[in-house]
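Enquirer: Just passing along the structure, written as structure tokens.
Derivation of every value follows stated rules applied to the coordinates shown; laboratory data play no part. This is a predicted model, so every value here is computed, not measured. When we count neighbours, we look across all protein chains shown, and the Cβ atoms used for this are built from the backbone with ideal geometry, even at glycine.
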Amino acid sequence: MAFVRYYVGDVVKMKKSHPCGSAEWEVKRIGTDFTIVCRGCGHQVMLSRPKFEKAVKKIVIRSAEAEAAEAAKKEAASQAKVAAQTDVNISAPANTAGGDTVD
Ligand SMILES: [Zn+2]
């Protein structure tokens, strides 16, 4: 699997359910450690990134921030593509002045 980026506000489903019965957790803080909050009972847990990544089964809800970041990434990629294509036209010589002197 490719590297997955997580964002604050993401809701993830864990492989194991919490004792309260819910398996969905909301990401509250991202860093060296992740802070997640159980959506069933509000229990807060802090765990390291590797542990978090191992425990996650899937992302249930992408946060608005994540959507925006992913969209921006796509936008940047498509703009880079356009820039690369138009670059050919832009670099066409425009120095036609001074060549046609008539006696
Ligand atoms: Zn719980």
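Enquirer: What are the ³J(HN,Hα) couplings of the stretch 53-67, residue after residue, when phi is run through the Karplus curve with 6.51, -1.76, 1.60 and θ = phi - 60°? Round to Hz, x for glycine and proline.
Expert: So the J values, rounded to whole Hz, are 5, 6, 7, 6, 8, 6, 8, 8, 10, 7, 5, 4, 4, 5, 4.
Enquirer: Same structure, new question: Please give, to one decimal in nm, the separation of the simple spin-label points placed at K28 and A83, each 7 Å out from Cα toward the Cβ.
Expert: Simple spin-label model gives 4.0 nm for this pair.
Enquirer: How do S78, S63, S17 line up, fewest other C-beta atoms within 10 Å first?
Expert: Sorted ascending by nearby Cβ count, the order is S78, S17, S63.
Enquirer: In addition: How do F3, F52 rank when sorted from fewest to most other Cβ atoms within 10 Å of their own Cβ?
Expert: F3, F52
Enquirer: I would also like to ask the following. Sort D33, D10 by Cβ crowding within 10 Å, fewest neighbours at the top.
Expert: The most exposed by this proxy come first: D33, D10.
Enquirer: Once the other residues with Cβ under 12 Å from the Cβ of M46 are scored (Lys, Arg +1; Asp, Glu -1), what is the net sum?
Expert: +3
Enquirer: Zone of K74 (label point 7 Å along Cα→Cβ, backbone N under 15 Å): which residues in the stretch 10-40?
Expert: Of the residues in the stretch 10-40, none has backbone N under 15 Å from the label point off K74.
Enquirer: Then there's this: Any idea how far apart C20 and R62 come out in nm if each label point goes 7 Å out from Cα toward Cβ?
Expert: 2.7 nm
Enquirer: Could you give me the percent of Cα pairs per 10 Å distance bin for the stretch 1-74, shortest bin first, beginning at zero and ending with the bin that holds the maximum distance?
Expert: In order of increasing distance, the bins hold 20, 55, 22, 3 percent.
Enquirer: Can you tell me the dipole magnitude for the stretch 11-85 around its Cα centre, using point charges on the Cβ only (Lys, Arg +1; Asp, Glu -1), in Debye to the nearest 20?
Expert: Charge dipole, the stretch 11-85, about its Cα centre: 340 debye, nearest 20.
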